[in-house]
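The structure under discussion appears below in the form of structure tokens.
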Amino acid sequence: MFWADRIAKEIQEKRADTIQSGKKLLIRDEKTLSGRVHIGSMRGFAIHGLTAEVLSEYGIQNEFRWEHNDFDPFDTIPGYLDETTFKEHLGKPLYLVPSPEPGFKNYAEYFAAEFVAVHKKFGITPEYYWAYADLYAAGKMDDCIRIALTRADDVRRILKEVSGSVKDEAWLPISVVCENCKKIMTTRAYDFDGETVGYTCDKGPDGTVPCGHEGRIAPWKGAAKLFWKVDWAAKWVVQGVDVEGAGKDHSTKGGSRDVAKHIAKELYGIEPPFDIPYEFFLVGGKKMSSSKGKGSSAKDMSDLFPAELLRLILLGKDINQQIDVDPAGDSVPRMYDWYDDLAQKVRDGVADDFTRLYALCQMPENQAEESAPWQMRFSLLAFIVQMPHLNLAKEAEDVKGSALTDDEKAALIERAEYARFWLSTYAPDQFKYELQDGEIEANSLTAEQKQALALLAQYLEAGERTGEELHARLHELKTEVPIDAKELFGALYKVFLNRTSGPKAGWFLSSLPREYAIERLKQASI
Ligand SMILES: [Zn+2]
């Protein structure tokens, strides 16, 4: 069974009472907007989004709510931002840090906009809300804050029992926003008297500079934020969350999810949401924390693929399997091949998990369609767009063996654009080709290679040849000369592409302008 069906069925069973009661199932996830969002964060979005989609398909009412977390602290300056400009803001909540570009209210809004554009391309639009304005400043977290402060000793005990983390007796599970310097990472709160807490601004973790202010404050309506593992559970309470997964880094025994579950049960007396623990999305074999370069952001990755491929990459693997995409390796053509293999099964009339996946890769409004347009393989297409003498549409018809439908034409044009973009950005040299017309290096070919090329020139001069004919002739030459296959094909790629490998030789030779091919073969065989 496809993973999203398995999970939707489990939810249907485990949350039967809630569904029966008529309450809409609430599916929630969030992302802290600490900078450009990594593609790894799209996995949670995709899993929650598809779960919502499949539940709707089953007739189960639900809502997918996405939190832009703008109340977490700004704790590191990403490498692509100017350190001197942003240094003074270290330690402030993200909503109080200025936007790197004009036109946005703050830092969090700026990075949220880029992430939301990827969500749109992916084809799922959740209900968005902001952690600061919609939860904290709106006063919705206040009851949970009061309980956590009143029962701070229970919070400390749970932390110690579940995760082994020991907090001193004065510690309170909140961080106050300093009224003087507006920082949240630099303060310590103590002495809750039922309405206010005392605090000092005197901590300086990770390069933050405390101002030394001391005071008392009522920690309500956004003046303070709950300690994050308590904050997580409180968000479940406040919103009535039924389903919320988390990456496997949070899902270990004694990890943050485990703590939040205990807080939810013991402190707030609620059942924690249905969990969906999921594996990492790696970029070139590296985890989110260590892959921050070009190509690793959600935006960069989404620029490389049309929507249905983006959906396949994020949805195609079971939640317990890693995803690994390397834009600078051969995984881009492999992803397209994976998609085309699914499409072929649809055209063959198969109905299984693979064709189910193909349907789910389409935008929600197109999922009922049972057809799958033919597409040219990405690596061949990427080769053709680099050959100025070739007409893509004509070559596509030849490969398909019949005229293209309108859908197929549109898909071809779109895929060609993505291929050109990839070639100009991340593609490794092995996928880059340039038709040669300069001097052929003397002594670069053996006597057998020259002989084979001369015979091939004669064969072409004698008449128009198809790819199949040339393919057959090349195989004859192996015994006629004799020459081994590697030497023979190596000579062709060397002469025409100055490379050691290339596309299928028979097809490639037939695709070249005839006069040019004959001339070049003759020149090489001297
Ligand atoms: Zn301060």
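The values are calculated or read from the model by the stated rules, or taken from the named source; none is laboratory data. Being a predicted model, the structure only gives us computed values, none of them experimental. Cβ: placed from backbone, ideal geometry, glycine included. Neighbour counts: every protein chain shown. Note: accessible area is taken over every heavy atom of the protein model, side chains too, but ligands, DNA and RNA are not part of it. Shrake-Rupley method; radii C 1.70, N 1.55, O 1.52, S 1.80 Å.
Looking at the stretch 206-217, can you tell me whether even one residue there is within 15 Å of the ligand (Cβ to nearest atom), crowded, with 16+ Cβ neighbours inside 10 Å and part of a strand (DSSP E or B)?
Yes; the residues of the stretch 206-217 include at least one that is within 15 Å of the ligand (Cβ to nearest atom), crowded, with 16+ Cβ neighbours inside 10 Å and part of a strand (DSSP E or B).
Find the residue count for the stretch 373-391, including only residues that are out of contact with any Lys or Arg (no Cβ under 8 Å at 6 or more places or on another chain) and open to solvent by less than 10 Å² (accessible area, probe 1.4 Å).
Taking the stretch 373-391 first, the residues out of contact with any Lys or Arg (no Cβ under 8 Å at 6 or more places or on another chain) are 373, 377, 379-380, 382-384, 387-391.
If we keep only those that are open to solvent by less than 10 Å² (accessible area, probe 1.4 Å) as well, we get 382-384, 387.
Total meeting the criteria: 4.
Any chance you could count how many residues in the stretch 218-255 are among the polar types (S, T, N, Q) and either free of Cβ contacts under 8 Å to residues at least 40 places away in the same chain or within 15 Å of the ligand (Cβ to nearest atom) (or both)? First the steps, then the outcome.
First, the residues of the stretch 218-255 that are among the polar types (S, T, N, Q): 239, 251-252.
From what is left, the residues that are either free of Cβ contacts under 8 Å to residues at least 40 places away in the same chain or within 15 Å of the ligand (Cβ to nearest atom) (or both) are 251-252.
The total comes to 2.
Quick one: what pairs do we get from the stretch 83-95, first residue at pLDDT 95 or above, second of a type in the set (Ser, Thr, Tyr) and open to solvent by 20 Å² or more (accessible area, probe 1.4 Å), C-beta under 7 Å, 6+ apart or different chains?
Matching pairs, first to second residue: Pro93/Tyr132; Leu94/Ser34; Tyr95/Tyr132.
Of the numbered conditions (1) closer than 20 Å to Phe64 by Cβ; (2) open to solvent by 10 Å² or more (accessible area, probe 1.4 Å), Ala223 fails exactly one; give the number of that condition.
(1)
Given the residues Glu439, Glu417, which is the only one that is out of contact with any Leu (no Cβ under 7 Å at 6 or more places or on another chain), assigned to a helix (DSSP H, G or I) and open to solvent by 80 Å² or more (accessible area, probe 1.4 Å)? I'd like the intermediate steps shown before the answer.
On the way: Glu439 fails: assigned to a helix (DSSP H, G or I).
Going through Glu439, Glu417 in turn, the sole match is Glu417.
Looking at Ala234, Ala264, Ala218, Ala260, can you tell me which residue is small (Gly, Ala, Ser), within 26 Å of Ile184 (Cα to Cα), touching a strand residue (DSSP E or B) at 6+ places or on another chain (Cβ under 6 Å) and not assigned by TED's automatic domain parsing to the domain that holds Leu81?
Values: Ala264 fails: touching a strand residue (DSSP E or B) at 6+ places or on another chain (Cβ under 6 Å); Ala218 fails: touching a strand residue (DSSP E or B) at 6+ places or on another chain (Cβ under 6 Å); Ala260 fails: touching a strand residue (DSSP E or B) at 6+ places or on another chain (Cβ under 6 Å).
When all the criteria are applied, what remains is Ala234.
Quick one: how many residues across the stretch 247-280 are within 18 Å of Lys14 (Cα to Cα) and part of a strand (DSSP E or B)?
So the count comes out to 2.
Restricting attention to the stretch 136-144, does a residue exist that is in contact with a His (Cβ under 7 Å, 6 or more places away or on another chain) and outside any loop (DSSP other than H, G, I, E, B)? Break it down into steps so the answer makes sense when it comes.
To start, the set of residues in the stretch 136-144 that are in contact with a His (Cβ under 7 Å, 6 or more places away or on another chain) comprises none.
No: zero hits.
For the stretch 323-372, which residues satisfy the criterion of being assigned to a helix (DSSP H, G or I) and aliphatic (A, V, I, L, M)? Can you show your working first?
Just the residues of the stretch 323-372 that are assigned to a helix (DSSP H, G or I), to begin with: 331-347, 353-361, 364-366.
Result: Val332, Met335, Leu342, Ala343, Val346, Leu357, Ala359, Leu360.
Can you find, within the stretch 181-195, the residue that is surrounded by the fewest Cβ atoms within 10 Å (Cβ to Cβ) among those that are part of a loop (DSSP other than H, G, I, E, B) and within 15 Å of the ligand (Cβ to nearest atom)? It would help to see each step written out before you state the result.
Looking only at the stretch 181-195, we keep the residues that are part of a loop (DSSP other than H, G, I, E, B), and these are 181-186, 191-195.
Right, trim to within 15 Å of the ligand (Cβ to nearest atom) and you get 181-186.
Details: Cys181: 19, Lys182: 16, Lys183: 28, Ile184: 25, Met185: 21, Thr186: 28.
Per the stated criteria, the residue is Lys182.
Which of the residues that make up the stretch 163-180 are away from the ligand (no atom under 16 Å from the Cβ), open to solvent by less than 30 Å² (accessible area, probe 1.4 Å) and touching a residue at least 40 places away in the same chain (Cβ under 8 Å)?
Taking the stretch 163-180 and keeping what is away from the ligand (no atom under 16 Å from the Cβ), we get 163-173.
With the extra rule that they be open to solvent by less than 30 Å² (accessible area, probe 1.4 Å), the set shrinks to 172-173.
Hit for the stretch 163-180 is Pro173, nothing else.
Within the stretch 112-125, how many residues turn out to be open to solvent by 10 Å² or more (accessible area, probe 1.4 Å) and touching a residue at least 24 places away in the same chain (Cβ under 8 Å)?
First, pick out the residues of the stretch 112-125 that are open to solvent by 10 Å² or more (accessible area, probe 1.4 Å): 113-114, 116-117, 120-121, 123-125.
Those still in the list that are touching a residue at least 24 places away in the same chain (Cβ under 8 Å) too: 114, 117, 121, 123-124.
Total satisfying the criteria: 5.
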